[in-house]
C-alpha cells in the first residue's frame with residue numbers, strides 16, 4: 001500500500017500548483033512509480049481551488065505538481081519543486097531514495113530555495129512528514145534557512161552524532177593513510193562543535209543552527225531560544241577564524257554578549273517591568289569560509305559570505321514573520337566587510353549593525369545599508385592596525401561614512417558604577433568586563449542611546465534615556 005502525506009488545508013502549500021503540469025507526469029508514470037512509492041496529487045489533497053497559481057506567493061507557482069510522480073523524476077527537479085515532492089514521498093521509500101541520490105541534498109544546500117518558500121513549505125507538512133524528512137536527511141533539514149531553529153537543532157544534533165560515529169568507524173576499519181588523515185581531521189572539527197555546544201545543563205541552553213564538514217567547515221551555535229527571543233544578535237567573524245580552530249572561542253564571545261544583555265535587561269526591568277520579561281538569543285555564526293593568508297587579498301569569500309548571511313537573516317525573518325524580533329549584527333574584521341556587502345546588496349532591513357576592527361568595504365555611506373534609521377556603530381581599538389588601512393574600501397569609522405562612534409577604550413560606567421576594561425589590538429573587542437562588550441550588548445537590545453562614545457556627553461547617558 002502506498003503511504004502518502006496529506007497537507008493541512010489551512011496552509012497555502014508550496015506543493016500546490018496548476019494542473020497544467022499533469023501531462024508531464026503522465027508521460028513518466030511507470031512501474032517504478034508503484035514499486036518505489038507513488039504519491040498522491042497535491043492538488044487532490046488541497047482541492048482544485050488551492051492549486052490555482054493566483055493563490056501562491058512569489059515563485060511558488062512554478063512548482064511541479066503532477067498527479068503521480070515516480071521517485072526517479074525527483075532527480076530532475078530542483079529547488080522549491082524538489083522540496084515539495086520530497087515532503088510527499090512515503091517515509092518507507094524516502095530514506096532509500098536519498099541514500100541512492102546524495103547529489104539531491106548537496107544540490108539543494110548549494111543553491112537553496114528562498115527562505116520564505118522553505119518556511120511555507122515546512123509549515124505545510126504534517127508532523128509525520130517533517131519527522132520522516134529529518135530521519136531521512138538530517139543534513140537537509142538542519143541547514144535549510146526558513147525551517148524553525150528547534151527543528152534544525154534536532155536534525156543537526158542527529159547528523160553530528162551519526163557523522164562522528166561513522167568517521168570513527170572508518171578510522172578503525174580502513175588503514176589507508178588518506179582515510180586516516182582526512183577522517184581524523186574531520187572528527188576533530190566536529191568534536192570541537194560538539195564541545196562548544198556544552199551539555200544539557202549549560203546555561204543558557206545552546207543549540208546547533210548550522211553544521212557542515214565540507215572544506216574548512218561551517219557552524220552556527222545559538223545561545224538562547226532563537227524561535228522566541230525578543231532580541232537576536234548575530235556575531236560574524238573575520239579572517240583566520242575556522243570551525244576547527246575557533247568555534248569554541250567564538251561561542252564563548254557570544255556568551256559574554258548574551259550574559260551582558262541579560263544583565264542589562266534585568267537592570268532595565270527594575271524601572272520598567274516590560275523589560276524583565278524580554279529574552280535574548282546570540283548566534284555565534286561561522287556560516288562562511290573566512291580567508292587565510294592565501295585568500296585575504298580578495299573579496300571573493302566576502303561576496304559568498306554576504307549571500308549566506310543574507311539567507312540566514314531571511315530564514316529568521318521568515319520563521320518569525322508573525323513575531324519579528326529585534327535583529328542586530330556584530331561583525332568583526334573581514335566579517336565586517338562581509339556584512340557591509342550583504343546589507344548593501346540585500347534588503348534585509350535589520351535593526352542595528354556594529355562593525356569592529358573593519359578593513360573597509362566598497363560601501364561609502366550608511367545610506368547604502370539596509371539598516372533601519374541608519375543605526376550603524378563603529379568601534380576601533382587602540383593598537384588595532386586593521387581599521388585605518390581601508391584595504392577593501394572606505395573606512396566605516398571615517399567621519400563622512402555617517403556611522404556612530406562606539407567607544408572601546410575603557411573607563412567608568414556611570415550607570416552601574418563598574419570599571420570597564422579597554423580593548424587593545426585586533427582581537428580585544430570581546431574581552432570580559434570591557435566597555436566594548438557593554439556597548440555591543442546595549443546595541444543588541446535596542447538601547448543605542450546608552451552607548452558610550454568617549455565624549456563629554458557620556459556623563460548624561462543615564463537610565464532616563466531608556467526608550
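Quick note: the coordinates plus some simple rules give every number you see, no bench work behind them. The model shown is predicted, which means the values in this text are computed figures rather than measured ones. Cβ placement follows ideal geometry from the backbone for every residue including glycine, while neighbour counts extend to all protein chains displayed.
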Round to a whole angstrom and tell me the spacing of the C-alpha centers of region 222-237 and region 249-303. 7 Å
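Per-residue counts of other Cβ atoms within 10 Å, averaged by peptide: what ranking do you get for 351-359, 370-378, highest first? Intermediate values should be presented prior to the final figure.
Numbers: 351-359: 27.7, 370-378: 18.3.
Order by mean packing, descending: 351-359, 370-378.
Does region 400-467 classify as rounded, prolate or oblate by the C-alpha gyration tensor (a ≥ b ≥ c root eigenvalues; a/c under 1.5 gives rounded; else a/b over b/c gives prolate, otherwise oblate)? Show your work: numbers first, answer last.
Values: a/c = 1.56, a/b = 1.20, b/c = 1.30.
It is oblate, given that a/c is not under 1.5 and a/b is not larger than b/c.
Ranked from highest to lowest mean number of other Cβ atoms within 10 Å per residue, what is the order of the peptides 413-422, 427-436?
On the way: 413-422: 14.5, 427-436: 20.6.
Put in order of decreasing packing, that is 427-436, 413-422.
If you average 1/r over every pair of different alpha-carbon atoms in region 205-465 and take one over that average, what Kirkwood value in Å do you get?
Details: mean 1/r = 0.0550 Å⁻¹.
Over region 205-465, the inverse of the mean reciprocal pair distance is 18.2 Å.
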Would you please put 167-178, 217-228 in order of how densely packed they are, using the mean number of other Cβ atoms within 10 angstrom per residue and starting with the highest? 217-228, 167-178
